[in-house]
Amino acid sequence: TKRIAIFVSGGGSNMRALVEDMTGDHPARACVVLSNNADAGGIAWARARGIATEVVDHRPFPGDRPAFEAALNSALDRHCPDMICLAGFMRKLTGGFTDHWAGRMINIHPSLLPKYKGLHTHARALEAGDTQHGCTVHEVTAALDDGPILGQASLTISQDDTPDTLAARVLTLEHQLYPAVLRRFAADDRSPVFLQG
Ligand code: GAR
């Protein structure tokens, strides 16, 4: 069974979807939920579930991402993870960290990559007049929101969609896509998953 560290910064709904799927013959289990934010809802939820948690605040390391990342690795060392799932973790990671975890770290991003790396993906898809939008799970490399694609879920944008409605619709797809990809990835199967919402 693979030991998974899940990184969150906020509510952690994707983390919850992953943990709730990790039962029975699933090839992985969560060994720790880590956040840069002590107030992240995901930390409280994991703690209440009896899952180990770690908080590594980024603020004591202004302008020094490698020092923050050394602290991340020290915290991880206490839990011996085989791999990392980023689930709404809102800190950029440097090549030092991504190289160390190469092939062992995946992320979910709320757009159909390679479109709309970075922030405000839903507003950008609307502004572009796109008809399709969605989310992507990919391996993490040094370049932001780049790296081999492991799965995508797409939906059709409607006339009435706003950035908020799209965010909610895409998040529902994220909760289906991320567990489906993790089941494969944790079993060393990198064939991509495609879903249509
Ligand atoms: C999700 O929509 C995720 O795709 C996005 O943040 C949200 C986290 O929600 N991630 C990024 O934008 C990464 N740059 P959650 O905390 O409820 O899982």
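The values are calculated or read from the model by the stated rules, or taken from the named source; none is laboratory data. Source: prediction; values computed, not measured. A quick note on method: Cβ atoms are made from the backbone with ideal geometry, for glycine too, and the neighbour counts reach across all protein chains shown.
Tabulated data for the structure shown
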{"quantity": "Cβ pairs under 8 Å, 6+ apart, first in region 142-164 and of a type in the set (Ser, Thr, Tyr) and at pLDDT 95 or above, second surrounded by 14 or more Cβ atoms within 10 Å (Cβ to Cβ) and not in a helix (DSSP H, G or I)", "calculated": "Ser154/Leu112; Ser154/His133; Ser154/Gly134; Ser154/Leu195; Ser154/Gly197"}
{"quantity": "Residue in region 110-131 that is within 11 Å of the ligand (Cβ to nearest atom), in a loop (DSSP other than H, G, I, E, B) and touching a Phe, Trp or Tyr at 6+ places or on another chain (Cβ under 7 Å) present", "calculated": "no"}
{"quantity": "Ala46 more than 13 Å from the ligand (Cβ to nearest atom) and among the small types (Gly, Ala, Ser)", "calculated": "no"}
{"quantity": "Residues within region 31-43 that are within 14 Å of the ligand (Cβ to nearest atom) and either among the hydroxyl-bearing types (Ser, Thr, Tyr) or free of Cβ contacts under 8 Å to residues at least 40 places away in the same chain (or both), tallied", "calculated": "7"}
{"quantity": "Looking only at region 11-23, and only at residues there that are near the ligand (Cβ under 9 Å from one of its atoms) and over 20 Å from Leu76 (Cβ atoms), the one that is surrounded by the fewest Cβ atoms within 10 Å (Cβ to Cβ)", "calculated": "Gly11"}
{"quantity": "Subset tally (residues that are within 16 Å of the ligand (Cβ to nearest atom), of a type outside the set (Gly, Ala, Ser) and part of a helix (DSSP H, G or I)) for region 152-197", "calculated": "17"}
{"quantity": "Residue match in region 60-73 (condition: surrounded by fewer than 19 Cβ atoms within 10 Å (Cβ to Cβ) and within 16 Å of the ligand (Cβ to nearest atom))", "calculated": "yes"}
{"quantity": "Top-ranked residue of region 77-107 - restricted to ones that are in contact with a His (Cβ under 8 Å, 6 or more places away or on another chain) and touching a residue at least 60 places away in the same chain (Cβ under 8 Å), ranked as farthest from Val19 (Cα to Cα)", "calculated": "Arg91"}
{"quantity": "When residues of region 125-141 are limited to those that are of a type in the set (Gly, Ala, Ser) and more than 18 Å from the chain's Cα centre (by Cα), the one surrounded by the most Cβ atoms within 10 Å (Cβ to Cβ)", "calculated": "Ala125"}
